[in-house]
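Reviewing the structure listed below.
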Amino acid sequence: MNGLKFFVGNILPYIAFVVFLTGMTYRIYTWLKMSSPIITLYPVPKGSSTSAVIKEVLLFPSLFKTDKVFWGGAWIFHVMLVFIFIGHFRVVTDFPWLWNLLGMNKEAVDTMSMTSGGIAGLIIMITVIYLIFRRVGVQKVREISGFGDYIVMFLILAILLTGNAMRFFQHFDLSETRVYFAGLVAFTNPQMPANGLFVLHFFLAQMMIVFIPFSKILHLGGIFFTQTILKRG
Amino acid sequence: MTEYNNIKSKVVDSIKAMKKGPLPMRIYMETCVKCGTCAEVCPVYYGSNEKSLNPAERSDLIRRVYKKHSTISGKIFGGLVGAKDFDGDDIDKWAKEFYECTACRRCAVFCPMEIDNSVLTRKARTILDSIGKTPETLMRVIEVSLKTGNTDNAPPVALTEATSFMEEEILEETGVEVKMPVDEVGVDYFLVPPSGDVLVNPESMMGIAKVFHVTGDSWTLSSRAFDGANYGLFTGSDNDMKEDNKLYVEEAKRLKVKTMMMGECGHAHRIMKFIMEKNKWWGDLPFEISNILQYTAYHIQKGTFKFDKSLVPEPVTYHDPCNFGRSCGIIEEPRIIMRAACEDFREMYPNRGENWCCGGGGGLSAMDTIIDFRMNVSGKKKVEQVLATGAKYVASPCSNCKRQFMQLMEYHKLDIGTGGLHDLVNRSIILDGQKKSV
């Protein structure tokens, strides 16, 4: 048990980091150096192709045109992911200079993160459950779904469940995690916080990070390239 | 067995090579999120909700083999991550299913990743071609085209007979002598129509002849190169495509023309302008490449022509061929022509870049072996779309679309005319000195 905890808390983070970084670097490097035939799709968007790609990445307009409900689910899901990702900066370290700048004390910051993080955590749960139901319930999606599609969804669901449980059902002191992450960065072999939910949450999150370069989640980088192929003048 | 092993290694090697690019080949293997949007917008899947017609599923036929042979996860986890080796049954499955995609690129318009499944369809057809599995009909079209320079197996005299006939027709109808020059050297425009517009539906060519008559620009047809159709695009064979194209470029050089003017044929224009010229197949060209739709629309806007719209009184609609619209961006020009030549022009919805395929794209239109599929499945949406406009004529500047439309109307017993754009111009353009129409 201790050996396992040591692996999750003190070895896996480095593996995950290296795998993610080399995996993504390799992908992006190969995409960048590859030639592409000119297969522009007309009519070409108004304005520059860069701004069209950015608009597509930020707002999913092509999805909006097809299926508004799915667009809503998918878009809110991704926006919440970004929020939650940013929110997790506080888990790793604190930003006293920022709070000073905003004139917020510790209680105000905690309340803010509790409220916004809590809401985001709940909304994203709803969207993930919707996306899972859509995958299972809609024929044209179900028939093209494989194990890889489901595992990603359930992995995310499990990460969200453990994350939300920590937030709503137990008080968890972020100073513990900050000390721990600082130790990881400084290679001082720190003790992982002894909270069972945290260990599980952190383990699953690392699994996902390892998954990214090898699974469909790769689209988070790929979209910039696929969009650019057809949006050149 | 050894034959099968040969086929298999050819297929697998071609798919493995996709790892080296070009970019779409590789990244389309890695970024599909299986959201189902392509199925939602696909004309074929709309016609029949079968798994094998789902675009993502069809592309997965390639993806599975790619994962099996070219990815770490596929090598380790196999079927768990969707990897599967190519096996004996797949040969016929591929040969059937990759010719059930019309390569219309509508999926690419709506895909959130903007994955263009037509690229993968063509790749699969390239592989099929290399193992001798191109549908016989298309193979024959290519053989004929490479031998005679046109897809109708017509000798040079067929063209001159057709042009004399059309000249007489115009003279009889209008009282005006309109020339259709053949093999003239040193003219401005070398017109490259699809052979169907010369041999089968002459109204379109007559319209074009009248257009040139009014503008006064010099032009010519070629008696050995009068069919821009090039099926190498559809069978995935770059060699055949290049071979078929060669004659046209040589002919344009021989005739010393300023501009090669493509006719009402979407894929022919795409190959000349966007594939041959952009990739510099034959180096720098001593002529430009343009299209008759752009030419006529330009002169309409300049006010060169006189039309009597009352000669085309019935409601007409316009179908954007996938190759002219989505692939070449010739989108507003046809509408300029329609508005000028017809009294009651109606858009169908959606249109332009989002238009639904006629159901005969990607070479399918030439395949009567799958006529029921084309009429009931891939063309289903199109019929609904046309009916919703209430139009009595569908204009489409593409021989493949025209054939599909003609068959659709016949098959479904609909009283709706079909044809090209210059057919309408032919009916309503008024030539100087023209006798009163009857």
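The helices (runs of 4 or more DSSP H) located wholly in the stretch B:171-265 that include 1 or more residues which are among the charged types (D, E, K, R) occupy B:195-199, B:202-215, B:238-254. The number of residues in the stretch A:11-42 being buried (at least 17 other Cβ atoms within 10 Å of the Cβ), of a type outside the set (F, W, Y) and either farther than 30 Å from B:C322 by Cβ or under 25 Å from the mean Cα position of the chain (by Cα) (or both) comes to 6. Just name the residue that is surrounded by the most Cβ atoms within 10 Å (Cβ to Cβ) out of those in the stretch A:201-233 that are free of Cβ contacts under 8 Å to residues at least 40 places away in the same chain and under 17 Å from the mean Cα position of the chain (by Cα). Selected residue: A:H219.
Check B:M348, B:M241 and return the single one that is hydrophobic (A, V, I, L, M, F, W, C), more than 14 Å from every other protein chain (Cβ to nearest Cβ) and either in contact with a Cys (Cβ under 7 Å, 6 or more places away or on another chain) or buried (at least 20 other Cβ atoms within 10 Å of the Cβ) (or both). So the residue among B:M348, B:M241 that is hydrophobic (A, V, I, L, M, F, W, C), more than 14 Å from every other protein chain (Cβ to nearest Cβ) and either in contact with a Cys (Cβ under 7 Å, 6 or more places away or on another chain) or buried (at least 20 other Cβ atoms within 10 Å of the Cβ) (or both) is B:M348. Residues in the stretch B:24-49 that are surrounded by fewer than 24 Cβ atoms within 10 Å (Cβ to Cβ), part of a loop (DSSP other than H, G, I, E, B) and more than 9 Å from chain A (Cβ to nearest Cβ): B:S48 alone.
You will find that of A:M112, A:M80, the residue that is within 26 Å of A:H219 (Cα to Cα) and more than 14 Å from every other protein chain (Cβ to nearest Cβ) is A:M80 and no other.
Restricted to the stretch B:152-171, and to residues that are over 19 Å from B:F212 (Cβ atoms) and acidic (D, E), which residue is surrounded by the fewest Cβ atoms within 10 Å (Cβ to Cβ)? Looking at residues that are over 19 Å from B:F212 (Cβ atoms) and acidic (D, E), I get B:E161. Scan the stretch A:167-192 residue by residue and report those that are surrounded by 19 or more Cβ atoms within 10 Å (Cβ to Cβ) and out of contact with any Pro (no Cβ under 8 Å at 6 or more places or on another chain). Scanning the stretch A:167-192 gives a single hit, A:M192.
Can A:T188 be described as assigned to a helix (DSSP H, G or I) and among the hydroxyl-bearing types (S, T, Y)? Spelling it out, it is not the case that A:T188 is assigned to a helix (DSSP H, G or I) and among the hydroxyl-bearing types (S, T, Y). Test B:S378 against the criterion of being at pLDDT 95 or above, more than 28 Å from B:L191 (Cβ to Cβ), surrounded by fewer than 24 Cβ atoms within 10 Å (Cβ to Cβ) and more than 14 Å from every other protein chain (Cβ to nearest Cβ), and give yes or no. No; evaluated as a whole, the condition is false for this residue. For the stretch B:134-151, the set of residues classified as buried (at least 21 other Cβ atoms within 10 Å of the Cβ) and closer than 22 Å to B:D89 by Cα consists of B:T134, B:P135, listed by residue number. None of B:G363, B:G359 is in contact with a Leu (Cβ under 6 Å, 6 or more places away or on another chain), in the same structural domain as B:D308 (by TED's automatic domain parsing) and closer than 21 Å to B:S48 by Cβ except B:G363.
Once the stretch B:246-293 is narrowed to residues that are within 14 Å of chain A (Cβ to nearest Cβ) and polar (S, T, N, Q), the residue that is nearest to B:P397 (Cα to Cα) is B:N291.
In the condition set (1) buried (at least 18 other Cβ atoms within 10 Å of the Cβ); (2) under 26 Å from B:R270 (Cα atoms); (3) not hydrophobic (A, V, I, L, M, F, W, C), B:T174 is compliant with all but (2).
Right, B:R339: surrounded by fewer than 16 Cβ atoms within 10 Å (Cβ to Cβ) and assigned to a helix (DSSP H, G or I) or not? Yes: the conditions hold for B:R339.
Quick grid of which residues meet (1) more than 30 Å from A:R142 (Cβ to Cβ); (2) loosely packed, with under 13 Cβ neighbours inside 10 Å:
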site	(1), (2)
A:I86	yes, yes
A:S116	yes, no
A:I129	no, no
A:I132	no, no
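If you go through the stretch A:139-156 and keep only what is farther than 14 Å from B:C32 by Cα, surrounded by 17 or more Cβ atoms within 10 Å (Cβ to Cβ) and within 7 Å of another protein chain (Cβ to nearest Cβ), you end up with A:K140, A:E143. When the stretch B:26-76 is filtered for residues that are among the aliphatic types (A, V, I, L, M) and at pLDDT 95 or above, the ones remaining, listed by number, are B:I27, B:M29, B:V33, B:A39, B:V41, B:V44, B:L53, B:A56, B:L61, B:I62, B:V65. When we screen B:G21, B:G79 for residues that are at pLDDT below 95, exposed (fewer than 15 other Cβ atoms within 10 Å of the Cβ) and at the interface with chain A (Cβ under 9 Å from one of its Cβ atoms), the only hit is B:G79.
Picking from residues in the stretch A:4-47 that are within 10 Å of chain B (Cβ to nearest Cβ) and of a type in the set (D, E, K, R), the one that is farthest from B:E277 (Cα to Cα) is A:R27. Residues of the stretch B:56-76 that are more than 9 Å from every other protein chain (Cβ to nearest Cβ) and either β-branched (V, I, T) or in contact (Cβ under 8 Å) with a residue 24 or more places away in the chain (or both): B:R58, B:S59, B:L61, B:I62, B:R63, B:V65, B:Y66, B:K67, B:H69, B:S70, B:I76.
The values are calculated or read from the model by the stated rules, or taken from the named source; none is laboratory data. Bear in mind that the values here come from a model prediction, so they are computed numbers and not experimental data. Reconstructed Cβ throughout: ideal geometry from the backbone, glycine too, with neighbour counts over all protein chains shown.
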